[in-house]
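For reference, the structure is listed below as C-alpha coordinates.
The values are calculated or read from the model by the stated rules, or taken from the named source; none is laboratory data. Only a predicted model underlies this, so the values are computations on that prediction, with no experimental measurement involved. Here the Cβ positions follow ideal geometry from the backbone for every residue, glycine too, while neighbour counts run over all protein chains shown. Only protein heavy atoms, including side chains, enter the accessible area calculation; ligands, DNA and RNA are left aside. Shrake-Rupley method; radii C 1.70, N 1.55, O 1.52, S 1.80 Å.
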Amino acid sequence: MLSILMPVYNERERVARAIAEVLETELPVEFELVVVDDGSTDGTREILRDGNWDGRVRLFEHPENRGKGAAVQTALAQANGEYAAIFDADLEYDPADLSLLMPPLLDGRANACFGVRAFDGYTSHSFLFVLGKKGVPLAGNVLFNGGLAGMMSDAR
(Lines give C-alpha, C1' and ligand atoms only; values in the text may rest on other atoms or scores of the structure.)
Protein backbone atom coordinates (compact mmCIF):
# COMPACT_ATOMS: atom_id res chain seq x y z
CA MET A 1 0.00 0.00 0.00
CA LEU A 2 1.06 3.57 -0.73
CA SER A 3 0.53 6.36 1.79
CA ILE A 4 0.18 9.71 0.06
CA LEU A 5 1.11 12.41 2.57
CA MET A 6 -0.55 15.77 1.98
CA PRO A 7 0.61 18.66 4.19
CA VAL A 8 -1.90 21.50 3.92
CA TYR A 9 -1.62 25.13 4.99
CA ASN A 10 -4.03 27.86 3.86
CA GLU A 11 -5.12 26.13 0.63
CA ARG A 12 -8.87 26.77 0.75
CA GLU A 13 -8.99 27.54 -2.98
CA ARG A 14 -7.37 24.24 -3.96
CA VAL A 15 -7.56 21.62 -1.21
CA ALA A 16 -10.88 19.98 -2.19
CA ARG A 17 -9.79 19.72 -5.82
CA ALA A 18 -6.36 18.39 -4.80
CA ILE A 19 -7.93 15.65 -2.69
CA ALA A 20 -10.42 14.80 -5.45
CA GLU A 21 -7.67 14.58 -8.08
CA VAL A 22 -5.59 12.25 -5.91
CA LEU A 23 -8.59 10.03 -5.19
CA GLU A 24 -9.48 9.84 -8.90
CA THR A 25 -5.96 8.76 -9.86
CA GLU A 26 -5.40 5.17 -10.93
CA LEU A 27 -2.28 3.83 -9.25
CA PRO A 28 -0.71 0.36 -9.46
CA VAL A 29 -1.25 -0.18 -5.71
CA GLU A 30 -3.93 0.55 -3.14
CA PHE A 31 -3.40 3.87 -1.40
CA GLU A 32 -4.47 6.03 1.47
CA LEU A 33 -4.36 9.82 1.59
CA VAL A 34 -3.08 11.19 4.91
CA VAL A 35 -3.95 14.90 5.08
CA VAL A 36 -2.46 17.11 7.79
CA ASP A 37 -3.81 20.62 8.20
CA ASP A 38 -0.93 22.63 9.61
CA GLY A 39 -2.86 25.31 11.48
CA SER A 40 -4.66 26.88 8.52
CA THR A 41 -6.45 30.16 9.24
CA ASP A 42 -8.18 30.79 5.91
CA GLY A 43 -11.06 28.30 6.16
CA THR A 44 -9.11 25.29 4.87
CA ARG A 45 -9.62 23.43 8.15
CA GLU A 46 -13.40 23.79 7.89
CA ILE A 47 -13.37 22.55 4.28
CA LEU A 48 -11.42 19.50 5.39
CA ARG A 49 -13.69 18.82 8.37
CA ASP A 50 -16.88 19.26 6.33
CA GLY A 51 -15.72 17.24 3.32
CA ASN A 52 -17.49 14.02 2.49
CA TRP A 53 -14.27 12.15 1.75
CA ASP A 54 -14.14 8.47 1.00
CA GLY A 55 -12.57 5.97 3.40
CA ARG A 56 -9.07 6.35 1.94
CA VAL A 57 -8.78 9.88 3.38
CA ARG A 58 -7.53 10.32 6.92
CA LEU A 59 -7.43 13.84 8.42
CA PHE A 60 -5.15 15.18 11.13
CA GLU A 61 -4.63 18.72 12.46
CA HIS A 62 -1.98 20.84 14.09
CA PRO A 63 -3.50 23.49 16.38
CA GLU A 64 -1.06 26.07 15.01
CA ASN A 65 1.29 26.31 12.05
CA ARG A 66 4.46 24.31 12.66
CA GLY A 67 5.80 24.17 9.11
CA LYS A 68 5.71 21.72 6.24
CA GLY A 69 8.32 19.44 7.77
CA ALA A 70 6.26 18.97 10.94
CA ALA A 71 3.12 18.28 8.90
CA VAL A 72 4.98 15.66 6.84
CA GLN A 73 6.32 14.05 10.02
CA THR A 74 2.82 13.89 11.49
CA ALA A 75 1.48 12.33 8.28
CA LEU A 76 4.32 9.82 8.13
CA ALA A 77 3.76 8.81 11.76
CA GLN A 78 0.10 8.08 10.90
CA ALA A 79 0.81 6.35 7.57
CA ASN A 80 -0.03 2.67 7.15
CA GLY A 81 1.58 2.09 3.77
CA GLU A 82 4.75 0.27 2.87
CA TYR A 83 5.59 3.22 0.59
CA ALA A 84 5.09 6.95 1.15
CA ALA A 85 4.95 9.93 -1.19
CA ILE A 86 4.65 13.61 -0.32
CA PHE A 87 2.05 15.37 -2.45
CA ASP A 88 1.36 19.04 -1.74
CA ALA A 89 -2.18 20.43 -1.94
CA ASP A 90 -1.20 23.31 -4.24
CA LEU A 91 -1.86 21.30 -7.45
CA GLU A 92 1.63 21.96 -8.77
CA TYR A 93 2.00 18.31 -9.75
CA ASP A 94 -0.24 15.80 -11.50
CA PRO A 95 -1.11 12.92 -9.14
CA ALA A 96 -0.95 10.53 -12.12
CA ASP A 97 2.83 11.05 -12.08
CA LEU A 98 2.93 8.93 -8.92
CA SER A 99 2.18 5.88 -11.07
CA LEU A 100 5.42 6.51 -12.98
CA LEU A 101 7.44 6.36 -9.76
CA MET A 102 5.99 3.10 -8.44
CA PRO A 103 7.27 0.36 -10.84
CA PRO A 104 10.95 0.44 -9.72
CA LEU A 105 9.76 0.15 -6.10
CA LEU A 106 7.25 -2.61 -6.76
CA ASP A 107 9.62 -4.81 -8.73
CA GLY A 108 12.50 -4.35 -6.29
CA ARG A 109 14.83 -2.32 -8.52
CA ALA A 110 14.87 0.63 -6.11
CA ASN A 111 14.32 1.51 -2.47
CA ALA A 112 13.40 5.12 -3.29
CA CYS A 113 12.25 7.07 -6.35
CA PHE A 114 12.24 10.83 -6.85
CA GLY A 115 10.43 12.97 -9.38
CA VAL A 116 12.44 15.59 -11.22
CA ARG A 117 11.06 18.83 -12.60
CA ALA A 118 11.89 19.19 -16.27
CA PHE A 119 12.30 22.67 -17.70
CA ASP A 120 12.83 21.62 -21.30
CA GLY A 121 10.77 23.73 -23.65
CA TYR A 122 9.53 26.19 -21.05
CA THR A 123 10.23 29.82 -21.84
CA SER A 124 9.04 31.22 -18.51
CA HIS A 125 12.39 30.45 -16.85
CA SER A 126 15.45 32.59 -17.36
CA PHE A 127 18.62 31.16 -18.84
CA LEU A 128 20.43 31.53 -15.50
CA PHE A 129 17.63 29.71 -13.67
CA VAL A 130 17.76 26.75 -16.06
CA LEU A 131 21.57 26.78 -15.99
CA GLY A 132 21.48 26.60 -12.18
CA LYS A 133 18.94 23.78 -12.19
CA LYS A 134 21.22 21.80 -14.47
CA GLY A 135 24.56 22.95 -13.05
CA VAL A 136 23.94 22.24 -9.37
CA PRO A 137 23.11 18.53 -9.90
CA LEU A 138 26.08 18.19 -12.26
CA ALA A 139 28.43 19.67 -9.65
CA GLY A 140 26.98 17.45 -6.92
CA ASN A 141 27.29 14.34 -9.06
CA VAL A 142 30.90 15.16 -9.96
CA LEU A 143 31.86 15.94 -6.36
CA PHE A 144 30.12 12.94 -4.80
CA ASN A 145 30.23 10.43 -7.68
CA GLY A 146 26.44 10.38 -7.80
CA GLY A 147 23.73 9.94 -10.37
CA LEU A 148 20.94 12.28 -9.29
CA ALA A 149 19.00 14.22 -11.89
CA GLY A 150 17.94 16.85 -9.37
CA MET A 151 19.38 17.97 -6.06
CA MET A 152 16.45 20.03 -4.76
CA SER A 153 14.02 17.51 -3.33
CA ASP A 154 12.24 16.95 -0.02
CA ALA A 155 14.19 13.72 0.46
CA ARG A 156 16.27 13.26 3.55
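Farther than 20 Å from L23 by Cα, at pLDDT 85 or above and of a type in the set (A, V, I, L, M, F, W, C) - does that describe any residue in segment 101-109?
For segment 101-109, residues farther than 20 Å from L23 by Cα, at pLDDT 85 or above and of a type in the set (A, V, I, L, M, F, W, C): present.
Among the residues of segment 1-25, what is the count of those that are of a type in the set (A, V, I, L, M) and over 18 Å from D97 (Cα atoms)?
Matching residues across segment 1-25 total 3.
Taking segment 74-111 as the search range and keeping residues that are within 13 Å of the chain's Cα centre (by Cα) and open to solvent by 80 Å² or more (accessible area, probe 1.4 Å), which one is nearest to E32 (Cα to Cα)?
So, considering only residues that are within 13 Å of the chain's Cα centre (by Cα) and open to solvent by 80 Å² or more (accessible area, probe 1.4 Å), the one nearest to E32 (Cα to Cα) is L76.
Return the pairs, sorted by first residue and then second, in which the second residue is of a type outside the set (D, E, K, R) and not in a strand (DSSP E or B), the first residue lies in segment 7-34 and is free of Cβ contacts under 8 Å to residues at least 40 places away in the same chain and open to solvent by 90 Å² or more (accessible area, probe 1.4 Å), the beta carbons are less than 6 Å apart, and the residues are 6+ apart or on different chains.
R12/G43; R12/T44; R12/I47; E30/M1
Quick test for you: out of D97, D90, pick the one residue that is part of a loop (DSSP other than H, G, I, E, B) and closer than 29 Å to K133 by Cα.
Matching residue, one of D97, D90: D90.
Mind listing just one residue for me: the one in segment 133-144 that is open to solvent by less than 90 Å² (accessible area, probe 1.4 Å) and within 23 Å of the chain's Cα centre (by Cα) and, of those, modelled with the lowest pLDDT?
That would be K133.
With respect to I4, determine if the residue is surrounded by 16 or more Cβ atoms within 10 Å (Cβ to Cβ) and in a helix (DSSP H, G or I).
In short, no.
For segment 42-52, does any single residue satisfy the condition of being under 22 Å from E92 (Cα atoms), open to solvent by less than 30 Å² (accessible area, probe 1.4 Å) and in contact with a Ser or Thr (Cβ under 9 Å, 6 or more places away or on another chain)?
yes
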